[in-house]
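What follows draws every value from the coordinates through simple rules; no lab data is involved. Nothing here was measured: the structure is a model prediction, and the numbers come from that model. For neighbour counting, all protein chains shown are included, and Cβ atoms are generated from backbone atoms with ideal geometry for every residue, glycine included.
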Amino acid sequence: MVRRLRRCAAFVPASLFLLAVAPITVRVDTNPAHAIQTVRTQSALGSAVDSDDRGKIPMLYAPERVQQMLASGLGTITYRLYTELSIQDWHWNPSGAFSDAAHQQGYWTSSAQPGTSIVDSFGYTLPHRGDTRDQGDDNGYSRIDDGDSSTYWKSNPYLADRPQWVVVDLGKTVAVNAVRIAWTNPYATRYRVEYWRGEGDAILDQGNGSWVPFAQGDVSNTSADARVVQVATAPQTVRWVRLWMTASSNTCDTHGSADKRNCAGYAIQDIGVGTGDASGFHDLVNRSTCGGNPDADKPCQNRQTTMWTSSTDPWHSENDRVKGDQDQPGVDIVSTSGITRGLPMIYAVPVFYSTPENAANELRYLEARHYPIRYVEMGEEVDGQYALPEDYADLYLQFATALHRVDPHVKLGGPIFEGFNTDLAAWPDEAGRTSWFGRFISYLRERGRLDDLGFMSFEHYPFHACDDGDALQDDLVREPALIRGMVDIWHSEGLPKSTPILVTESNFAADGGSQPQRISGALWVADYMAGALSSGIEYATYYQYEAEPLRYNSHCDRYGSYGLFLTGDDFAIHGRGASFYAAQMLTREWLLPGNATQTIYPVTTSLGDSRAVVTAYAAKRPNGTWSVLLVNKDFIDRPVRVVLGSRDARARGMATFGPKQYTWSARSASELPSPDSGISHVDPAGDTYVLPARSLTVLTF
């Protein structure tokens, strides 16, 4: 008996039983002067589309599937660019031209002329890639240490006026006092060799350390010939080595002088790092065409030493089209399939691995088709490419200039951060500043171009797919504070309060998992989306809209997907996930369906705002009624009373969704939810209402 009592106490603290004796008081501030913002349901809560399996796009956007997607009530669509994550250029229109048309190679510009409806579009790998890793399928490799003397990395010529860099990760601390660089044209005439000193990872924890020049690390260079450079007399014990390049020869690469972009920036055929002594140079770099994820099940034995680079030249050829299952849905099928509901869409243009001309033509095309455009996002997840904020800001302004020549009124934004829960740190600049976003904002402001940032956008993937038990409960309790905290960070780093903030991609975890199909996922969706609107965020999206098959996550030993549905390997939709019903609770119960104006108001509870197991969100709807969304993350029922302004309120209606309506274990791909009765409606009685354990409830007044 004692043992059983201890186990219960560990699961539900005794203090929670005491709190459950008295109802939680929910207070809605009804003063119009305190209203947070006005929203329109389908404009404020939406979904996102992304790359899909090859050949599946027509089926995924078929009318009968679109109707199932629309039934969620979600509205505005945002377009995601998997190509940017994968170090690829996006041929958003398969029709177009290369700069070297005679050889079907060079810098690509898709055609702005409407023609055959674009259903599929494609990514193209970049043969001058410098990174070993990427944020996409992570199956590429660096051309610096691929062991092939005919290949080379080249920096983005659109960043030719900015310093560029290469970081070599030797995998462990080793003795280093020399480098051997096989330059090719254009080569660096001046560069510095540095090592990382700090507690953190030089790439993954950039704010926790700094780069220190080797004693003889400043180098002047007069040719592209490979040579060993002794950067220190005595070896230094280091793991990360950086080449910081500040002056270019401006000599032309292997593609010739006809295009000045071939002659701008920096190019390296090979880098060696190690020690030099009387017996010669002892190189520690492994060379292989096998890059990508070292944990993946691949047949490579000697993997290449990991290289990271500041940017990559978007030069490529027709032969570089991605061959695997990675099609981008065409802008025409997305815009005309019905999933947009006729609302203006948030489109994306490629930035970090493309050209301003290609982006400008996309805008010309969309406007020629008369597709309504709400916003245009500039690239995607540039921080996942470990770009310096000044580099992205420089490209941002170049692309903004090209886009605004097409349409001076189109609203552009970014930087579309990948999901993280704190301020993003970059390597300290000369002033010691590490805030990535703060430096990005400063770059635009110092050039009088802050108005080119029409909105700020970021992605939200706060947790890990395999979180369960106490870790999962902690995630759910922390969520509201996380989204509020991110808004505070952006403003503290200089974002004007008048600039809209958008969450343009989000799910429980970036590494997949089963939460979207389980009750815990529904609790998270409600807290995240309602919390975003209650934090002043203009738009929050749920990723992903297309109904793609459930996948097995071996780390979690569960099946799941990012989507709203339970979908088989044959792409047939067998059921709805818990997140689908959470979306309906938000778009049909809390807010009224459609696109009428509704107002979000502040709410407090007697539990306080910090790590509360019950959270609440209030809206005044266009018909004059009030609605309060309540999220009970506790494992026990919770009674509540609601105070509207200064008076106790008696609810007119009550909608609930929880384990009594829906349960799915995620242990089998063929399992169906049981029960699966959808949202339950009851007539409330009295002025105290019981929130079932692990449930969503909407009270209307």
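What to note about this one:
- If you sort the three axes of the alpha carbon gyration tensor as a ≥ b ≥ c, you get a/c of 1.5 or more for the stretch 556-623 and a/b no higher than b/c, which makes it oblate.
- Annotation note: trypsin sites (Lys or Arg not before Pro) in the stretch 34-83 located in DSSP loop regions with a Cβ neighbour count of at most 14 within 10 Å are Arg54.
- Sequence-distant contacts, meaning Cα pairs under 8 Å at least 6 residues apart, place the relative contact order of the stretch 401-491 at 38 percent.
- C-alpha long axis of helix 469-492 to longest principal axis of the chain, angle in °: 70 degrees
- Cα-only Debye scattering, the chain: base-10 log of I(q)/I(0) at q = 0.06 Å⁻¹: -0.38
- For the stretch 152-163, 3J(HN,Hα) computed residue by residue from phi via the Karplus equation (6.51, -1.76, 1.60; θ = phi - 60°) reads 7, 8, 9, 6, 5, x, 6, 10, 5, 8, 10, x Hz, glycine and proline entered as x.
- Distance between the C-alpha centres of the stretch 441-458 and the stretch 353-387: 17 Å, rounded to the whole angstrom.
- Rounded FRET efficiency, nearest 0.05, which uses the C-beta distance separating Glu357 from Ala481 and R0 of 41 Å: 0.40
- Here the mean projected area of the convex hull built on the C-alpha positions of the stretch 153-313 is 10.3 nm².
- Length-normalised contact order of the stretch 489-593 in % [C-alpha pairs under 8 Å, at least 6 apart]: 29 percent
- Qualifying GluC sites (Glu not before Pro) in the stretch 411-479, where qualification requires a DSSP coil assignment and no more than 16 other C-beta atoms within 10 Å, comprise Glu430.
- For the stretch 102-165 versus the stretch 462-537, the gap between their alpha-carbon centres in whole angstrom: 33 Å
- In the chain, the DSSP beta bridges split such that about 75 percent are antiparallel, to the nearest 5.
- Under 19 Å between alpha carbons - lysine pairs in the chain that sit 8 or more apart or on different chains: 5
- Residue-averaged [θ]222 nm for the chain, counting only DSSP H segments that reach four residues, each worth -39500 (n - 2.57): -5500 deg cm²/dmol
- Across the stretch 153-313, the relative contact order, built from alpha-carbon pairs under 8 Å that are at least six residues apart, equals 37 percent.
- Filtered GluC sites (Glu not before Pro), the stretch 527-596: DSSP coil and at most 12 other beta carbons within 10 Å: none
- Taking the C-alpha atoms only, the angle from helix 519-534 to the longest principal axis of the chain is near 80 degrees.
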